[in-house]
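See below for the structure under consideration.
The values are calculated or read from the model by the stated rules, or taken from the named source; none is laboratory data. Worth saying up front: this structure is predicted, and the values here are computed from it rather than measured. Cβ atoms come from the backbone with ideal geometry, glycine included; neighbour counts cover every protein chain shown. For the accessible areas, the whole protein counts, side chains as well, though only heavy atoms, and no ligand, DNA or RNA atoms are used. Shrake-Rupley method; radii C 1.70, N 1.55, O 1.52, S 1.80 Å.
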Amino acid sequence: QSPSTQTLEAARQAWKEAKEAHEETEAWSIGPYDDLRIDAQLDRWPTKQTDIDIILEGEATLDADYFKNLGANKKGLPALEYLLFIEEGASVDDLVASLSEARRCDYIKGVAADMPRVTEELLTVWQGGYIDGEFAGKGEMFMSAQAVISELVNAMIEETEAISNKQIRKPLGIL
């Protein structure tokens, strides 16, 4: 499908939905989510825009293995945001035109295709005994249900503090 304002808007809407879904999971950032560094693979800020531009100008084959092994700050939601949203001084038409470049589209598709791989890996670990073992308080990490609850509460507090700092205090100049 050729790039157009409509396909760009559809891609942006998909990005927004993925970003919202990811943010909803951040309060549950314990266990395999931390162990597998899921957050870093999906939402590593800041993205390395210069490195992405170098890759776009390069000749490496942009296949699934490439994105699986690519550094976290060159993929995930931040990389898609960089590639799908207008840079300062650019117009929507400029961005649609840039999406006509096959390599840029291949990069976007490759990053987008890598994200389900990461989340499926997490799901496999959770379903592979983590819920019935560790998360049920029967494993090595969590020795009791109380330890699980404590870890969840701490993760939620940390996320609340991060939101407060990033979205309230920093814009107000308090941080």
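Yes/no matrix, rows are residues, columns are (1) at negative phi; (2) within 22 Å of the chain's Cα centre (by Cα):
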site	(1), (2)
GLU57	yes, no
ALA60	yes, no
ASP63	yes, yes
ALA72	yes, yes
LEU80	yes, yes
LEU84	yes, yes
GLY89	no, no
ALA97	yes, no
ARG104	yes, yes
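Among the residues of the range 68-84, is any more than 18 Å from LYS19 (Cβ to Cβ) and surrounded by 16 or more Cβ atoms within 10 Å (Cβ to Cβ)?
Checked the range 68-84: at least one residue is more than 18 Å from LYS19 (Cβ to Cβ) and surrounded by 16 or more Cβ atoms within 10 Å (Cβ to Cβ).
Looking at ASP34, is it over 13 Å from the mean Cα position of the chain (by Cα) and over 30 Å from VAL148 (Cα atoms)?
The answer is no for ASP34.
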> For GLU120, which of the numbered conditions (1) assigned to a helix (DSSP H, G or I); (2) modelled with pLDDT under 85 fails to hold?
Replying inline: (2)
> Restricting attention to the range 40-55, which residues are within 10 Å of the chain's Cα centre (by Cα) and surrounded by fewer than 17 Cβ atoms within 10 Å (Cβ to Cβ)?
Replying inline: ALA40, TRP45
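Here is a yes/no grid of residues against (1) farther than 23 Å from THR5 by Cα; (2) in contact with a His (Cβ under 8 Å, 6 or more places away or on another chain); (3) not in a helix (DSSP H, G or I):
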position: ILE30; (1), (2), (3): yes, no, yes
position: GLN41; (1), (2), (3): yes, no, no
position: PRO46; (1), (2), (3): yes, no, yes
position: ASP51; (1), (2), (3): yes, no, no
position: ALA60; (1), (2), (3): yes, no, yes
position: LEU77; (1), (2), (3): no, yes, no
position: GLU81; (1), (2), (3): no, no, no
position: ARG103; (1), (2), (3): no, no, no
> Taking only pairs six or more apart or across chains, which ones have beta-carbon atoms under 8 Å, a first residue in the range 103-129 that is in contact (Cβ under 8 Å) with a residue 40 or more places away in the chain, and a second residue that is open to solvent by 70 Å² or more (accessible area, probe 1.4 Å) and part of a helix (DSSP H, G or I)?
Replying inline: GLY110/ALA64; ALA113/ALA64; ASP114/ALA64; ASP114/LYS68; ARG117/ALA64; ARG117/LYS68; VAL125/ASP35
> Take the residues of the range 125-163 that are under 30 Å from LEU84 (Cα atoms) and β-branched (Val, Ile, Thr): which is nearest to the chain's Cα centre (by Cα)?
Replying inline: ILE163
>> Residues to consider are GLU9, GLU17; find the one that is under 29 Å from MET156 (Cα atoms) and in a helix (DSSP H, G or I).
In response: GLU17
>> If I filter the range 85-96 down to residues being of a type outside the set (Asp, Glu) and open to solvent by 60 Å² or more (accessible area, probe 1.4 Å), which single residue comes out as nearest to LEU8 (Cα to Cα)?
In response: ILE86
